[in-house]
Amino acid sequence: MNEFTYFPKKERISWILLALFITAGICLPKYLFPEEKINAKINFSKTCIDSAIATVAEEKIPSPEKVRKHNSEFQSQNQDPEFILKQPVKVSDQREKKRFLFDPNKTPDDSIRMIFSRYIAQNLIKYRNKGGHFKDKQDLLRIYGMDTILFRKIEPFIRIQSARINRSNRMEARSFPDPVPEKTNRSIAINDADTTLFKSLPGIGSVFARRIIAFRDALGGFYNVDQVAETYGLPTETFRNIRDRLTIGKQHNRIRVNSASRKDLAAHPYISWKQARAISLYREAHGPFADRRDLRDIKALDSAFFEKIIPYLDFEPVHGMTADSISSSRGGR
């Protein structure tokens, strides 16, 4: 029995030293780094607590009173309320986008990108370019990427210009209605026509006429009459009824792909920000594009994209270079 319970002297010393190290590791930190005692008997007055809460709340987000005061000062300057304020309302959280009063129907694209993230701003701008219109604040929730939390943060800053008119104006409008354009069978040039001409088409009223023109201006003009069918909300049956009466008219505008900035490329309804970035980076890495074949080397662009955007691209060489010099710099293609 003693053979199993007996430890040599060296092993006994090792066990004793190990026990001492463990004890020292547990006890020494308490003596070297004593915990500070908290005085639990400190009394805070109700006034002090309320003042601290009010200060935190005020720094987190502007109160409704401050927003109303800011808006009244804006209106007193006789400025049009459909434009953004020059002096934005300050928000303490620097991680958030800038907050200022804005009209989602009229605020310029650059200011929209200052308010929202890149994805939401791009979706909102494309929605407007296709003729979309916000009648109420809640309509912003239809934009892809917009969630309820973000909407609640920006709701106090949304100002949608109302189209309300008083009762006397309504009576006058009923007594003297606007003349309705006569529906005719003549053809119209879609790149030249105004709202009056579009409203002469069957099934096209003021709303669709404005949307078609807004979409046309964003594109830089139509190159095919079938593009009118892409107008936001336009029923397929309505387009079929008017298609035979549509002609192109004047030539559409083109984008100089070798000199256009990334921002200019992304402003086109057919080009997303991701595609604009891919074109810009490829141009910076390989030099100017000689023709459409160079553009097809970009892996991020698919065939559907080329069919829609190629007619809008101008491959004119940049100043000081010719098409032959560009081809030779790219390996003779």
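Nothing in this text is a laboratory measurement; each read-out follows from the coordinates by a stated rule. Keep in mind that this is a model prediction, so the values were computed, not measured. Neighbour counts are summed over all protein chains in view; Cβ atoms, including those assigned to glycine, are modelled from backbone coordinates with ideal geometry.
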In Hz, Karplus ³J(HN,Hα) per residue of region 11-23 (6.51, -1.76, 1.60; θ = phi - 60°; x = Gly, Pro): 5, 5, 5, 5, 5, 5, 5, 4, 5, 5, 5, 5, 5
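With r defined as the distance between the Cβ atoms of residue 105 and residue 144 and R0 fixed at 25 Å, what FRET efficiency is calculated, to the nearest 0.05?
On the way: r = 18 Å, r/R0 = 0.72.
That gives a FRET efficiency of 0.90.
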Residue 254 versus residue 28: modelled label distance in nm, points set 7 Å from Cα along the beta carbon direction: 8.0
For peptides 188-195, 262-269, sequence by mean Cβ density within 10 Å, most packed first: 262-269, 188-195
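Would you mind putting 136-148, 101-113 in packing order, based on average other-beta-carbon counts within 10 Å, highest first?
For the peptides 136-148, 101-113, the packing ranking is 101-113, 136-148.
Out of region 183-230, which trypsin sites (Lys or Arg not before Pro) are coil in DSSP terms and have no more than 10 other C-beta atoms within 10 Å? Don't skip to the end; give the middle numbers.
Working: sites: 183, 186, 199, 210, 211, 216; in loops: 183, 186.
Sites meeting the loop and neighbour criteria: 186.
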Rg/Rg_globular for region 99-145, with Rg_globular taken as 2.2 N^0.38 Å and Rg from C-alpha atoms: 1.02
Phi to ³J(HN,Hα) by Karplus 6.51 cos²θ - 1.76 cosθ + 1.60 over region 266-272, Hz, x for Gly, Pro: 6, 6, 6, x, 8, 10, 7
